């Protein structure tokens, strides 16, 4: 958790002051999609990736998911391939993920990572957790639920 807090504070502090900084690149990881196809995070080729770690039994995850599903700006950005939304269900068995595929809309990538211990240790401490990555997979923002909606509105202009 400390690493996520430090990343967030650095991003906010340096952005506020207008200084550039070395960006942290999110680690590459592989994920499986419902069709049993294996992909890697670094293979996604859009301007931004909204990386969303969630749980189907998390109330906050459900609330923000509904807002994201109904967000016309986000849907337009996904449709025009400016953003890819990759939803990953962490720390569960594959069967549980397969039983909950309906939790993720069809225009998002629904991913499951078999060896997610390193990701969980480095980046995750609760769900929902968001990361905004640029085209080079640098962490641009670690927004909370309200900030992610504000960010979507900002880049859709």
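What follows is calculated from the coordinates using simple rules that are stated; it is not laboratory data. This structure is a prediction, so every number in the text was calculated from the model and none was measured. Cβ: placed from backbone, ideal geometry, glycine included. Neighbour counts: every protein chain shown.
Table for the structure above
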item	result
Projected label distance in nm at residue 27 and residue 134, using a 7 Å step from Cα toward the beta-carbon	2.3 nm
Cα-based helix-to-principal-axis angle, 59-69 vs the chain, degrees rounded to 10	80 degrees
The chain: relative contact order in percent, alpha carbon pairs under 8 Å with at least 6 residues between	33 percent
Considering only the chain, percent of DSSP beta bridges that pair antiparallel, nearest 5	60 percent
Estimated FRET transfer efficiency (residue 118, residue 157; beta-carbon r; R0 25 Å; 0.05)	0.10
Net lengthening on full extension, residue 60/residue 106 (0.36 nm per residue, minus Cα-Cα)	14.5 nm
Point-to-point label distance, residue 95-residue 76, nm (Cα→Cβ direction, 7 Å offset)	4.5 nm
Principal-axis tilt of helix 2-17 within the chain, Cα atoms, nearest 10 degrees	40 degrees
The chain: angle of helix 145-155 to the longest principal axis, Cα-based, in degrees nearest 10	70 degrees
